[in-house]
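*Asks:* Have a look at this one before I ask anything.
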Amino acid sequence: MSAAPESLPPPDAAALRRKRRRRRRIEAVLAFLAMAMVLAWFFEQQSTTTVIFVRFAEAETGPAGDARLSAAGRARAEELRRVLMDVDVDRGLNAVYVSSYRPTRETAEPVARQFGIKIEEFDPNNIPRLERRVLKIYKGRIVLVVGDGPSIRAAIPEFHGSKKVPPEVDVEADQMYIVTIPWYGKVKTLRLRYGVPTASPAPPEPATPGEGADPSTAPPAP
């Protein structure tokens, strides 16, 4: 007759408890790391979106919307490239939008070449679509928008920025507006100037008697 197999010794209850505790600690650490990665991704996606608005640079006299930039305008476009070259030390500029007007595209071209970005067009008559597109595709990124004065004054409030953009942006090419849109909190609008200051038109001098003015409207002599 064969000998009966020897029975195994009973498991050490204390060793089993230690093994279970070690497994639970490892599972807790892995769960914490997974949660941290999810939260980091979430807050990265919800970070601040920055939209930079500039009016097109100085243009030559020509058909509306099709005039080329003047020498001063080309210099300003290069200055815009220089100013925005290091706008974000980590990622740089992410998108460039222009209207269909030729001066806006020529103003943006040096910047687009600097960052290797394809220029996209927006419809000045449909600013809400631009706002939806930027905040959906480029949320948490930096976007440049080059337009004319009226489109900029319409776009900044649409992006929840200031509603008090002065009308000088219609004629002054040296203005830059930066709208920061945080995930939570107040939207801020900053106004800066870059490049050579735009010369504001001088107000007309009051006419004096003897130069075509009506003497009856001249102020009385002291």
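*Asks:* What are the residues whose amide H is under 5 Å from the amide H of Leu69, where those residues sit 5 or more places off or on another chain and H is modelled from the backbone?
*Replies:* Long-range HN contacts for Leu69: Glu60.
*Asks:* Moving on to the next point. Which length gain, in nm to one decimal place, applies between Lys186 and Arg91 when the Cα-Cα distance is subtracted from 0.36 nm times their residue separation?
*Replies:* Extra length from Lys186 to Arg91 when fully extended: 31.8 nm.
*Asks:* So which chymotrypsin sites (Phe, Trp or Tyr not before Pro) in the stretch 144-195 pass both tests, a DSSP loop state and at most 11 other Cβ atoms within 10 Å of the Cβ?
*Replies:* The qualifying sites are Tyr184.
*Asks:* Quick check: pseudo-label points 7 Å beyond the Cα along Cα→Cβ at Arg193 and Glu121, how many nm apart are they?
*Replies:* So the two model labels end up 3.4 nm from each other.
*Asks:* Hey, which lysines would be in cross-link range of Lys186, C-alpha to C-alpha under 25 Å, not counting anything within fewer than 8 residues on its own chain?
*Replies:* Lys186 reaches Lys136, Lys139, Lys163, Lys164.
*Asks:* Also: Tell me, in nm to one decimal, what length is gained between Ser100 and Ala75 on full extension, where the rule is 0.36 nm per residue of separation less the Cα-Cα distance?
*Replies:* Contour length minus the Cα-Cα distance gives 6.9 nm.
*Asks:* According to a simple spin-label model (label point 7 Å from Cα along Cα-to-Cβ), what is the distance in nm between Asp66 and Lys19?
*Replies:* Going from the Lys19 label point to the Asp66 one covers 8.4 nm.
Throughout, read-outs are computed from the coordinates displayed, never taken from laboratory work. The structure displayed is predicted, hence computed values, not measured ones. We place every Cβ from the backbone using ideal geometry, glycine too, and count neighbours over all the protein chains shown.
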